[in-house]
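Values in this text are rule-based calculations from the coordinates and carry no lab data. Worth saying up front: this structure is predicted, and the values here are computed from it rather than measured. Virtual Cβ from ideal backbone geometry, glycine too; neighbours counted across all protein chains shown.
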Amino acid sequence: MQFTLKARDLDSAIRRKVEEISGENVYACYQCGKCSAGCPSAYAMDVIPSQIMRFLQVGLEEDLLGSNTPWICASCEICSVRCPRGIEVARIMEALRHASLRKRLDRIAIQGIPAPAIKETPPIALVSAFRKMTS
Ligand code: SF4
Ligand code: SF4
């Protein structure tokens, strides 16, 4: 994954939107990495939680909305508990999901799920996936 920083990103719409939804101040993060070190889902994320915080600080909107991280986040809140700055990182992840869905950027296409997979998947799993990942 390659990242490109532009000067106009520094006052980005995505940072303002995430702060508005979450109530958190992304500039409070000083990049200690404790959230990432404790995250049980970090191994599957393309951008670890502390990097998400940095991306927000510098306004990398495309990279944030394209990342799988907010969708893989299990909302376990370990990151929030570990943060020495008191940042609710789990809320940041939720806000990123909302910001994405408000742009109609669905994470899964219902029509694209093969019929056999639908048949084998517990209905509750499908329903929760649709609720979390589609607008
Ligand atoms: S809430 Fe999400 S980002 Fe935070 S530790 Fe849990 S899985 Fe990781
Ligand atoms: S634990 Fe808090 S201060 Fe440290 S990198 Fe994560 S969000 Fe930033």
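Structure notes:
- Cα centre as origin, Lys/Arg/Asp/Glu Cβ charges: region 7-103 dipole, Debye: 100
- Rg and Dmax of the chain, based on Cα coordinates, read 15.5, 49 Å.
- Taking the fewest neighbouring Cβ atoms within 10 Å as the starting point, the ordered list for I87, I21, I113 is I113, I21, I87.
- Rough spin-label spacing in nm, given labels placed 7 Å along Cα→Cβ, for T134 and A28: 3.6
- Computed from backbone phi with θ = phi - 60° and the Karplus coefficients 6.51, -1.76 and 1.60, the 3J(HN,Hα) list for region 111-120 is 5, x, 7, x, 4, x, 5, 4, 5, 8 Hz; x is used for glycine and proline.
- Calculated from backbone phi, Karplus (6.51, -1.76, 1.60) coupling profile of region 39-47 in Hz, x at Gly/Pro: 6, x, 9, 4, 4, 9, 8, 7, 9
- Over all directions, the projected convex hull of the C-alpha atoms in region 58-135 averages 6.3 nm² in area.
- Ranked F55, F130, criterion: other C-beta atoms within 10 Å, fewest first: F130, F55
- Arranged from fewest to most other beta-carbon atoms within 10 Å of their beta carbon, D63, D11, D46 become D11, D46, D63.
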